[in-house]
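This report refers to the structure that appears directly beneath it.
The values are calculated or read from the model by the stated rules, or taken from the named source; none is laboratory data. Please read these numbers as outputs of a predicted model, since none were measured by experiment. Here the Cβ positions follow ideal geometry from the backbone for every residue, glycine too, while neighbour counts run over all protein chains shown.
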Amino acid sequence: MSDSEQMQYGMLGEDGSTTSEKLAKYSGECGWDYLKPHYENGVLHFVDLELALEDVGAAISEDDKESVERWLKAGDLVKIEALHAAQWEDSEQQFQALVVSPFVLCRPV
């Protein structure tokens, strides 16, 4: 199964699912090839290992600006820059990723 088949985009509609259940639908493991277009679009962010990816995704989806700003200031949530991208370009590194449209959160596994 390709990376694009494993992960889906968007949290459309009200299906009665909780935020946690919706986030679980849009998370998975993938390689850099899947993440690279999101990096190129400026929407890929690294989440520190000390944070639960789902908690960060929930904060973003619920517009919890206070938490997001705190993580950004502390460096626990970082926009992926060219240095990171270059190091992962030719690697077999796998990532845990979560789509919280329009953003994609990730961290190496």
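Below, the figures for the structure above:
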{"item": "Residue check for Ala52: under 23 Å from Ser20 (Cβ atoms) and touching a Ser or Thr at 6+ places or on another chain (Cβ under 8 Å)", "result": "no"}
{"item": "Of all residues making up the range 32-57, the number that are surrounded by 14 or more Cβ atoms within 10 Å (Cβ to Cβ) and assigned to a helix (DSSP H, G or I)", "result": "11"}
{"item": "Qualifying positions in the range 78-91 - in contact (Cβ under 8 Å) with a residue 12 or more places away in the chain and over 15 Å from Pro108 (Cβ atoms)", "result": "Lys79"}
{"item": "Filter result (modelled with pLDDT of 95 or more, part of a helix (DSSP H, G or I) and surrounded by 11 or more Cβ atoms within 10 Å (Cβ to Cβ)) within the range 74-86", "result": "Ala74, Ala85"}
{"item": "The one condition in (1) touching a helix residue (DSSP H, G or I) at 6+ places or on another chain (Cβ under 9 Å); (2) free of Cβ contacts under 8 Å to residues at least 40 places away in the same chain; (3) surrounded by 13 or more Cβ atoms within 10 Å (Cβ to Cβ) that Lys25 fails to fulfil", "result": "(1)"}
{"item": "Filter result for Val104 (under 15 Å from Asp55 (Cα atoms) and in contact with a helix residue (DSSP H, G or I) (Cβ under 6 Å, 6 or more places away or on another chain))", "result": "yes"}
{"item": "Inter-residue pairs, beta-carbon under 7 Å, first β-branched (Val, Ile, Thr) and in the range 93-109, second at pLDDT below 95 and assigned to a loop (DSSP other than H, G, I, E, B), 6+ apart", "result": "Val99/Met7; Val99/Tyr9; Val99/Tyr26"}
{"item": "Neighbours by Cβ (under 8 Å, 6+ apart or cross-chain): first from the range 31-57, β-branched (Val, Ile, Thr); second modelled with pLDDT under 95 and surrounded by fewer than 17 Cβ atoms within 10 Å (Cβ to Cβ)", "result": "Val43/Pro102"}
{"item": "Residue that is under 12 Å from the mean Cα position of the chain (by Cα) and modelled with pLDDT under 95, where the choices are Met1, Met7, Met11", "result": "Met7"}
{"item": "Of the criteria (1) modelled with pLDDT under 90; (2) out of contact with any helix residue (DSSP H, G or I) (no Cβ under 8 Å at 6 or more places or on another chain); (3) among the aliphatic types (A, V, I, L, M); (4) within 15 Å of Cys106 (Cα to Cα), which one Ala52 fails", "result": "(1)"}
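Residues are listed down the side, and each one gets a yes or a no for (1) more than 15 Å from the chain's Cα centre (by Cα); (2) among the acidic types (Asp, Glu); (3) farther than 21 Å from Ser27 by Cα:
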| position | (1), (2), (3) |
| --- | --- |
| Leu53 | no, no, no |
| Val56 | no, no, no |
| Val68 | no, no, no |
| Leu77 | no, no, no |
| Glu81 | no, yes, yes |
| Trp88 | yes, no, no |
| Gln94 | no, no, no |
